[in-house]
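The structure appears right after this line, and notes come after that.
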Amino acid sequence: MTSQTELDSAVREILAAARERSTDGRERVSVDARSLPDALARAEREGRVPIVAEVKPTSPTAEGTRADDPVELAEAMVAGGAAAISVLTEPDHFGGSPEALRRIRQAVDVPVLRKDFLLREAQLDAVEADLLLLIARFVDDLEKLVTAARERGFQPLVEVHDRDELEDALAAGAEIVGINNRDLARLEVDLGTFESVAPHVPDDVTVIAESGVSSPADVRRMRAAGADALLVGSAIMDHGEESDVTENVRRLTETTQ
């Protein structure tokens, strides 16, 4: 795990809140997951760029919030061609909740990723989802948490930021890897991060480009670097604006590949 002194203050606050979040009284979940690789392949067959569109009411790096009903947002994203939906469940800094994810998963027929700061096994049981985000940098025993997620039926998406973290993810058995272009020390985005790490991902591992994709040109750049899919949040949500979420997704999924 990275030293907290190396992290942006906002990230340190998020991690502190995650450690304190209660897990009392939770029953172990069992999930019949929708396959993300199948959903990405279906998008490819239909001529769409595979986009994982993110329902993110706000974030420490966004200006403003969107108060739309999360189910309506997710349905609009699917209408725009999203292959899957990512849902923030972190409540204090991103305005998310497990209940929002539960409602979204009932309403859409694509895989749904639970995106949160999950540090220990009991935190996996907050809500059923098809995928769980595990951030390699923050987990003490990544292999144990990957195994615990799979035992519940989740598909773990392991997020990395550099070559060393990628090696840790692969050693832990990750089959879906997200490469985050956002530097957690300064919260700055560099698409070159994906381009430097992606060539070292084995061919049989699904690789997703995360953060910083805001235009068709960015989509083409990440796809050329080997991205099987792209996780896009702020550019779709357009926080604080009454933008057309369906159209925001469509302009990315219909990018010439």
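No value in this document is a laboratory result; all are computed from the given coordinates. All values reported here derive from a predicted model rather than from experimental measurement. All Cβ positions, glycine included, derive from the backbone under ideal geometry; neighbour counts span all protein chains shown.
Just a few scattered comments:
- Loop sites in the range 120-189: trypsin sites (Lys or Arg not before Pro), DSSP, at most 12 other Cβ within 10 Å: Arg186
- Spin-label proximity, Asp183 to the range 121-141 - amide N less than 18 Å from point 7 Å beyond Cα toward beta carbon: 137
- Taken as Cα centroids, the range 210-252 and the range 111-147 sit 24 Å apart, rounded to the nearest whole angstrom.
- Distance in nm between pseudo-label sites at Asp190 and Asp125 (7 Å out along the Cβ direction from Cα): 4.2
- Burial ordering of Ile179, Ile14, fewest other beta-carbon atoms within 10 Å first: Ile14, Ile179
- In this structure, Arg42 and Arg12 have a Cβ-Cβ separation that, at R0 = 30 Å, corresponds to a calculated FRET efficiency of about 0.15.
- Ranking of Met237, Met77 by count of other Cβ atoms within 10 Å, fewest first: Met237, Met77
- Normalised by the number of residues in the chain, the average gap of Cα pairs under 8 Å and 6 or more apart makes the relative contact order 23 percent.
- Sum of -39500 (n - 2.57) over DSSP H runs of 4+, divided by residues of the chain (222 nm, nearest 500): -10000 deg cm²/dmol
- Each label point was placed 7 Å from the Cα along the Cα-to-Cβ direction; for Thr23 and Arg103 their separation is 2.6 nm.
- Calculated FRET value between Asp32 and Ser215, using beta carbons and R₀ = 30 Å, to 0.05: 0.25
- Which label in (i) 43, 39, 36; (ii) 54, 33, 30; (iii) 55, 36, 29 gives the computed Cα extents along the principal axes in Å: (i)
- Taking each residue as 0.36 nm, the span from Glu151 to Glu247 lengthens on full extension beyond its C-alpha to C-alpha distance by 30.8 nm.
- Share, in percent, of DSSP beta bridges within the chain that are antiparallel, nearest 5: 5
- Gaussian network model of the chain, Cα within-10 Å springs - most flexible of Gly95, Gly81, Gly233: Gly95
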